[in-house]
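The values are calculated or read from the model by the stated rules, or taken from the named source; none is laboratory data. Quick caveat, the model's predicted, so the values are computed rather than measured. Note: ideal-geometry Cβ built from the backbone for every residue, glycine included; neighbour counts use all protein chains shown. The protein model used for the area step is the full one, side chains on, heavy atoms only, and it has no ligands, DNA or RNA in it. Shrake-Rupley method; radii C 1.70, N 1.55, O 1.52, S 1.80 Å.
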Amino acid sequence: MATGYDPHALEAHWQQVWAEQRLYEVDEDSDKPRFYALTMFPYPSGDLHMGHAEAFSLADAVARHARMRGFEVLNPIGWDSFGLPAENAAIGRGADPREWTYTNIETQGATMRRMGLAFDWSRRLHTSDPEYYKWTQWLFLQLFEAGWAYRKAAQVNWCPTDQTVLANEQVIDGRCERCATEVTKKALTQWFFKITDFAQALLDDLDTLEESWPERVLALQRNWIGRSEGAEVTFHIDTGSGTGEDVVVYTTRPDTLFGATFFVVAPEHPNAREWAALGGQAEAFDAYLAATQRKTDRERQEEHAKDGVALGVTATNPLSGERIPVYAADYVLMDYGTGAIMCVPAHDQRDLDFAREHDLPVRVVVAPEGGELPDPATMTEAAAGEGVMVNSPGYDGLPWREAKRAVIAQLEADGIGSGSVNFRLRDWLVSRQRYWGAPIPIIHCADCGEVPVPIADLPVRLPDAGEVDFRPSGIAPLATSDAFVKTTCPSCGGEARRDTDTMDTFVDSSWYFLRFTSAGRDDVAFDREAVDRWLPVEQYTGGIEHAILHLLYSRFVVKALKALGHVGFSEPFTRLKSQGMVLMDGAKMSKSRGNLVQPSAVIDTAGADALRATMLFAGPIEDDIDWADVSPVGMAKWFARLTRLVDEHVEGGASVAEQPDAADVDRLRRATHRAIAGVTEDYDAFKYNTVLAKLMGLANETSASVRERGVRGSSVQQSLEAIMLLLAPIAPHIAEELWHRLGHDDSVHLQRFPAHDPALLVEDVVEIPVQVDGKVRDTVQVPSGAEQADVVSAARATDNVAKHLQGRDLVKVIWVPGRMLNLVTRAA
Ligand code: ANZ
Ligand code: ZN
């Protein structure tokens, strides 16, 4: 049998053994309870980075731990392998996006294998495989048939230099991420998924995830969905031409109607230009509109954005009859509410900023609770808090919430408004004018309109890179291939054109967790019975950067599929845990900063177990790790010490009878069971750092028992076995190796997680007489096996001992373990 610690040899050895035994492939016929462990699948850009290594260390510990708790575990892996970086690499370096992608997948896969991750590789998937995207297209068609996939013109981010549409993430500070040109807006027809139909359900069901998802993620989701309750109120625009027209505003504060002193519409409001013309402000308006379209949504909403133009017309307040001036300003967005607002500067900060800039009147209508009435002439902060109505005929004295209800009732009675709920959530724009994605499976026919590709004809194959021109040119790359575009209409057989857009990669990843249950099936996207058997995912792990979109889209897709009868559950992920980031000297690791550490390099020097354990030892899993503060080499040294302990035990005493000093044996047994109990709790709470600290403590105790107290035999064996079982999910190779050296033939990963014996946790308490200068002054109760220092501090804490120590120096301590303590003093 081998001795010593050589991580490279033993890790390679066990990885091979596990693969040969197909240890991590799921047994679908198992009668064990099922546990679906899932980690967010990676995007294949180069080799794995440290963020991946942390994510996988966490995910693997979760999966292995679940297995040892008696579950049949599904722990699959795949690649989110469509997307822009592949295309950019192609544009920048002339690489074939497909080749670039699959080469990176192989590189990452090799590093994953070197990490010894317990994935069921037989279920591996890549979203860019035709076998996968065929079903992404099927998903699109399910939504299309249900009316949840539709086309409409939308303002998209447009780079005039690259002649291309940009996703929001590609717009950095208003500029194109590639060429730094200022991004503009352009109206283009785009595909959308109707996620807004599910807004209320997406919000409501977050309540069922309380406690099992991070509070922060729930808050981000709620905020993104952004439900608000208010009213729609009809104002009348007086255009000077006599009749004028009605325009509806959305407000969350109808109670403040009497405080509205001006009126603002979005520059894109369909009537804005016409009103500006009637008000004699057409020129100023046109210039302003052009300037607006150069800004991003975020810039438009920046805290103190206060640009705008007066349109030269007025709006009449339906409740007060007051006429107020109308402006166009780009802090009002066209696609929220109605694109028109009544402005209440005393109670809304943006309105106040705008009022000050344009010298507009301010009127306080809610008196802040307990505070002084702000002076409308000088106030610089809007009074947004609680309060009681003032300056509002008919409502004065009412608390604002009551006034809100009363005003809505009045508006409804008068037919000039109604209560209304709004969501910030927008429909999901899923089309991209890009090459490296799943083609949208729609055929456009002059006679039949948008015709879905028949399921039997899927996949709509992505042409090879050589067949299209995917360099940015203003037209979608797929539109450059006649062979792709020209087709016949499935409905009438006439000449028709394929849709040339591809899908957002978030569509690919919105359903991959379903596919893993039915990998390899070419007749269905997923088997209904299999998904219902395995899902919802019991434990999902991944980065906090996906707190909003990926999770929201996955939740939406599951709800849509449930409504269509394809799955039997409405939330995909029962529990979610997010890990922190891996930093270097407080900064993000990146190639350009030159502070990049790669997992494969750490494995080269310290081994995979050391990499994994270091990740989990660094601190609470949700916290960031600073790689400058940790030491994989130090972790490897601990593994080496642990190995020595096992080797010595195996050579020198595994079979030797127990030593006669029962107290020492008992002490080690208790330490072992204390560690088992503590570590079990820590695993359940994802506290891997304290798991490792406790295991290091138990290893020290074992070492001291052997080397200082001469303990041998079964209690040492039990302690070492417990360490291996408890360590196995975190450092699977060393645990497996030492488990075998301890005399086992089967895998440590097939064992049950140990359970502690509660009887051994009950501390034996002994009573120790305490002498001061030879006279017994008191007794203390301490755990048997207590150390001298603990007994001395317990003794000092008793009144009588304290009294006799007063004014004297302690010069000597005589401690007879478990029997007696004598404190020797002299006058101070
Ligand atoms: C009057 C008012 C008085 C408002 C007050 C707020 C405070 P949430 O909560 O996000 O739904 N608003 C409405 N539509 C808008 C748009 N398209 N672009 C920018 N702002 C818009 O916000 C709703 C509030 O934001 C609405 O209520 C409206 O201002 C503004 F003391 O109306 B409020
Ligand atoms: Zn047709």
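Observations, loosely collected:
- Residues within the range 162-177 that are loosely packed, with under 14 Cβ neighbours inside 10 Å and over 17 Å from Pro477 (Cβ atoms), tallied: 4
- Scanning the range 50-68 for residues that are closer than 11 Å to Arg34 by Cα and open to solvent by 10 Å² or more (accessible area, probe 1.4 Å) yields a count of 1.
- Filter result (among the hydroxyl-bearing types (Ser, Thr, Tyr) and either at pLDDT 95 or above or more than 9 Å from ligand 1 (Cβ to nearest atom) (or both)) within the range 316-337: Thr316, Ser320, Tyr327
- Restricting attention to the range 550-565 and to residues that are surrounded by fewer than 19 Cβ atoms within 10 Å (Cβ to Cβ) and touching a residue at least 24 places away in the same chain (Cβ under 8 Å), the residue that is farthest from Phe144 (Cα to Cα) turns out to be His550.
- Filter result for Ala496 (within 22 Å of Phe569 (Cβ to Cβ), more than 16 Å from ligand 1 (Cβ to nearest atom) and touching a residue at least 24 places away in the same chain (Cβ under 8 Å)): no
- Residue check, Ile734 open to solvent by less than 30 Å² (accessible area, probe 1.4 Å), within 30 Å of Ala19 (Cβ to Cβ) and touching a Lys or Arg at 6+ places or on another chain (Cβ under 7 Å): no
- Candidates Phe506, Phe516 - the one that is open to solvent by 10 Å² or more (accessible area, probe 1.4 Å), under 15 Å from Ser554 (Cα atoms) and either touching a residue at least 24 places away in the same chain (Cβ under 8 Å) or of a type in the set (Lys, Arg) (or both): Phe506
- Close pairs from the range 193-207: first under 18 Å from Trp148 (Cβ atoms) and assigned to a loop (DSSP other than H, G, I, E, B), partner aromatic (Phe, Trp, Tyr) and modelled with pLDDT of 95 or more, Cβ under 9 Å, at least 6 apart: Lys194/Trp148; Lys194/Tyr150
- The number of residues in the range 130-157 being open to solvent by 20 Å² or more (accessible area, probe 1.4 Å) and in contact with a strand residue (DSSP E or B) (Cβ under 9 Å, 6 or more places away or on another chain) comes to 10.
- Count - residues of the range 408-458 that are more than 25 Å from Asp80 (Cα to Cα), within 16 Å of ligand 2 (Cβ to nearest atom) and of a type in the set (A, V, I, L, M, F, W, C): 5
- Residue within the range 316-329 that is within 16 Å of Phe285 (Cβ to Cβ), open to solvent by 10 Å² or more (accessible area, probe 1.4 Å) and not in a strand (DSSP E or B) present: no
- Residue match in the range 678-689 (condition: assigned to a helix (DSSP H, G or I), small (Gly, Ala, Ser), touching a residue at least 40 places away in the same chain (Cβ under 8 Å) and in contact with a helix residue (DSSP H, G or I) (Cβ under 6 Å, 6 or more places away or on another chain)): no
- Among (1) polar (S, T, N, Q); (2) in contact with a helix residue (DSSP H, G or I) (Cβ under 8 Å, 6 or more places away or on another chain); (3) within 30 Å of Ala662 (Cβ to Cβ) - the single one Thr825 does not satisfy: (3)
- Restricting attention to the range 342-397 and to residues that are touching a Leu at 6+ places or on another chain (Cβ under 8 Å) and open to solvent by 50 Å² or more (accessible area, probe 1.4 Å), the residue that is nearest to ligand 1 (Cβ to nearest atom) turns out to be Glu381.
Quick grid of which residues meet (1) open to solvent by 40 Å² or more (accessible area, probe 1.4 Å); (2) over 30 Å from Gly147 (Cα atoms); (3) away from ligand 2 (no atom under 16 Å from the Cβ):
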| residue | (1), (2), (3) |
| --- | --- |
| Val183 | no, yes, yes |
| Lys186 | yes, no, yes |
| Gln190 | no, no, yes |
| Glu245 | yes, yes, yes |
| Gly259 | no, yes, yes |
| Gly279 | no, yes, yes |
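- Taken together, the criteria exclude Phe35 from residues that are within 30 Å of Glu99 (Cβ to Cβ) and in contact with a Lys or Arg (Cβ under 9 Å, 6 or more places away or on another chain).
- Meets criteria (within 25 Å of Ala153 (Cα to Cα), among the small types (Gly, Ala, Ser), in contact with a helix residue (DSSP H, G or I) (Cβ under 8 Å, 6 or more places away or on another chain) and within 13 Å of ligand 1 (Cβ to nearest atom)) for Ala438: no
- Test result for Trp191, at pLDDT 90 or above and at negative phi: yes
- Boolean, Leu38 is buried (at least 22 other Cβ atoms within 10 Å of the Cβ) and touching a residue at least 40 places away in the same chain (Cβ under 8 Å): yes
- Filter result for Glu87 (charged (D, E, K, R), assigned to a helix (DSSP H, G or I) and within 19 Å of Ser590 (Cβ to Cβ)): no
- Asp359 fulfils the conditions (1) under 23 Å from Val247 (Cα atoms); (2) modelled with pLDDT of 95 or more except for a single criterion, (1).
- Checking each residue in the range 555-589 for being assigned to a strand (DSSP E or B) and small (Gly, Ala, Ser) picks out Ser578, Ala587.
- Any hit, the range 415-422, residues being open to solvent by 50 Å² or more (accessible area, probe 1.4 Å) and within 16 Å of ligand 1 (Cβ to nearest atom): yes
- Within the range 261-277, being in a helix (DSSP H, G or I) and open to solvent by less than 10 Å² (accessible area, probe 1.4 Å) holds for Ala272, Trp275, Ala276.
- Residue check, Thr487 within 16 Å of ligand 2 (Cβ to nearest atom) and within 27 Å of Gln433 (Cα to Cα): yes
- The listed residues are Asp778, Asp790, and the only one of them that is open to solvent by 40 Å² or more (accessible area, probe 1.4 Å), in a helix (DSSP H, G or I) and not small (Gly, Ala, Ser) turns out to be Asp790.
- Remark: pairs (first residue in the range 410-426, over 16 Å from Val249 (Cβ atoms) and at pLDDT below 95; second residue open to solvent by 40 Å² or more (accessible area, probe 1.4 Å) and part of a loop (DSSP other than H, G, I, E, B); Cβ separation under 9 Å; 6+ apart in sequence or on different chains) = Arg424/Tyr336; Arg426/Asp335; Arg426/Tyr336.
- Inside the range 726-765, residues that are within 37 Å of the chain's Cα centre (by Cα), more than 19 Å from Ala59 (Cα to Cα) and in a helix (DSSP H, G or I) make up a count of 3.
- Thr296 hydroxyl-bearing (Ser, Thr, Tyr), more than 10 Å from ligand 1 (Cβ to nearest atom) and at pLDDT below 95: yes
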